[in-house]
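Visitor: Below is a structure I'd like to ask you about.
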Amino acid sequence: MDLLDEQIGKISLKIAALSKANRIGTFSLSYIESVPADAKLYSGVGKMFVCEPRETVMSNLEASVALTNNELPKLRETLSKFDLRKKEQTETLKELYESIKVSST
């Protein structure tokens, strides 16, 4: 069960990270739309920033948001399957414990 709990924890962390990235990407897209068209835009590359055309920045953000929108439902489904499996294992252990308890008396 510890392995199952560990997997549930990892998936929950991935969901949280992807949700945060999705919110940031969505906010960035909406903000960039309000910026004048002639403004310079920069993208982060490692510890640096590189000036890029508006279309490139927008398409990268749109791709990032689309990817997170694709991955989040899959991860949530996986998490629910793991939760269900954990519940089933807990019930099985309870039944086993009860049968041992009854047979020992």
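FYI, it's all coordinate maths here, none of it is from the lab. Since we're looking at a predicted model, the values are computed, not measured. Positions of Cβ are generated from backbone atoms using ideal geometry, with glycine treated the same way; all protein chains shown enter the neighbour counts.
Visitor: So for the pair GLU55, ALA39, with labels modelled 7 Å out along Cα→Cβ, what separation do we get in nm?
Guide: In this crude spin-label approximation the distance works out to 2.1 nm.
Visitor: Taking θ = phi - 60°, what integer Hz values does the Karplus form 6.51 cos²θ - 1.76 cosθ + 1.60 yield along the stretch 90-96, in sequence order, with x for Gly and Pro?
Guide: 5, 4, 4, 5, 4, 4, 5
Visitor: Still on this structure, please answer the following. Across the stretch 43-48, in residue order, what do the Karplus-derived ³J(HN,Hα) couplings come to in whole Hz, using 6.51 cos²θ - 1.76 cosθ + 1.60 with θ = phi - 60° and x for Gly and Pro?
Guide: 10, x, 10, x, 9, 10
Visitor: Also, quick follow-up: In terms of modelled amide H atoms, which long-range or inter-chain residues lie less than 5 Å from the amide H of LEU41?
Guide: It is GLU52, by chain and number.
Visitor: If r is the Cβ-Cβ distance from LEU4 to ALA66 and R0 is 25 Å, what FRET efficiency results, to the nearest 0.05?
Guide: 0.20
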